[in-house]
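Written out below as structure tokens is the structure these notes cover.
Readers should treat all values here as calculations from the given coordinates under stated rules, not as data from a laboratory. The shown structure was predicted, so the numbers you read here are calculated from the model rather than taken from an experiment. Neighbour counts run over all protein chains shown; Cβ positions are idealised from the backbone, glycine included.
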Amino acid sequence: MPVPMRKFLLFPLIIVFLFTIPPGSGPSASQESLIYITQINDTVTPGTVAYIERAIKMSEDNHARALVIMLDTPGGLVSSTLDIVKIISASRVPVITYVTPRGAISASAGTFILLSGHLAAMAPGTTCGAAMPVRVSSLGKYQAADAKTINIMTEHMKSIAQQRNRSAELAGSFVSDNLSLSNREALNRGIIDMEASDLNELIVKLNGRKVQTVSGEMALQTLNANLENLNMNLRESLIHSISNPMLAMLLILIGLYGLIFAFHSPGFLLPEILGSICLILGLYGIGLFEINLIAGLLIILGLALLIAEAHTPTWGILGLGGIASIVLGIVLFPVEPLLPFSWWSSFRTMALGIGVIGAALLIIILRGVWRLRRSVPVHGEHELNNLRGTVMQDLNPRGLVQVQGEIWRASAEDEHTIPKGSQIRIIKKIGFELKVEEVKPQDNYKEE
């Protein structure tokens, strides 16, 4: 097997390996003067859950004094956010949630995580809140979610705040009224416990503070502790990337287009392999967040229309309908209520971009079809007319002749026998049979 092909075939095995290897827990030696530092600096996904879960387990196994989660996130997936809240609530090690650096935000899903910390802190110039759930209307517009969703998320936010002795009513306003607070307002109104300009100041201010974990009350001893940064490992990064609704949707479309191309040009293998990998990763990704079934059906309908356009050209009518169906399906596809409006705007821009690219490709294809239909046919019923050949099997009146190196079934036009070795001229082609006439030597002489 050629070396490049081996590389392509090994790629799916590497992907499977990354999903099946255990995450590992790092060094097992006791490190009582250790504080682990983690970061959530983009969309909250199942990859983020695996990351925080591993960090808390390492903190417990190594008897760390605390775990700091540095936040700068616009929001994320509901199930992932609730999982992180549960993991933090069950932690035996104090978890400190800290919005940083200056200018950072902890919005929507990030606010749930911020309030779930045993101690919460914010850097100057940071903001939290704006946690009202959103939804996509049937017209593709983004608006506040239904009252049922808002009520349940409001009460859950209140419950998280009460658990940490924070203002429940104010916390509920993050969801019900889409309230946002600066770091100073959050501190003055009891939403956070302290303000720190950087990580070093935070560590100093944490020292001596008492926290209540599932193991009981303890006083933090953070001075002179060793700070160790924990980053996402390869497995967590991969899950984090493909569970982002935007990337998952792109992977599915790339996979489907790759397979469609492969069906039209079989044997090349590269589109089949890459298309299958992208489709599998995309399907895995969309299984990690909430989706709209109707939107999925619209995408399937759009792809079916594009395939129909490729097989029965309708001058773009089916193709344009397919592109419109795909774009609408993409816009309506995710229904995650804790993703921010800015994320939805980017997602809609991506959907429109896919539509523009699809329309451009369709125009290119239609131009090619138009030129092909206007060109003079190269092959057809008249392509062999007047060509000369040799009789390979007596035509009595049917037999075989050789024309331009090809063997054809033929019959004599006048139904007379033409012996083997005779020269013939093709009169016309009828299906897969030739009508021929014998060429006399004098005919050759006259032509010359």
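Summary table
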{"item": "Of Lys86/Lys205; Lys57/Lys86; Lys86/Lys158, those spanning more than 19 Å from alpha-carbon to alpha-carbon", "result": "Lys86/Lys205"}
{"item": "Relative packing of 170-177, 88-95, 107-114, 386-393, which averages over residues the other C-beta atoms within 10 Å, highest first", "result": "107-114, 170-177, 88-95, 386-393"}
{"item": "Among 148-161, 401-414, the order from most to least packed when residues are scored by Cβ within 10 Å on average", "result": "148-161, 401-414"}
{"item": "Packing-based order for 294-303, 37-46, using average beta carbon neighbours within 10 Å, highest first", "result": "37-46, 294-303"}
{"item": "Overall form of the stretch 202-250 per C-alpha gyration tensor (a/c, 1.5; a/b vs b/c)", "result": "prolate"}
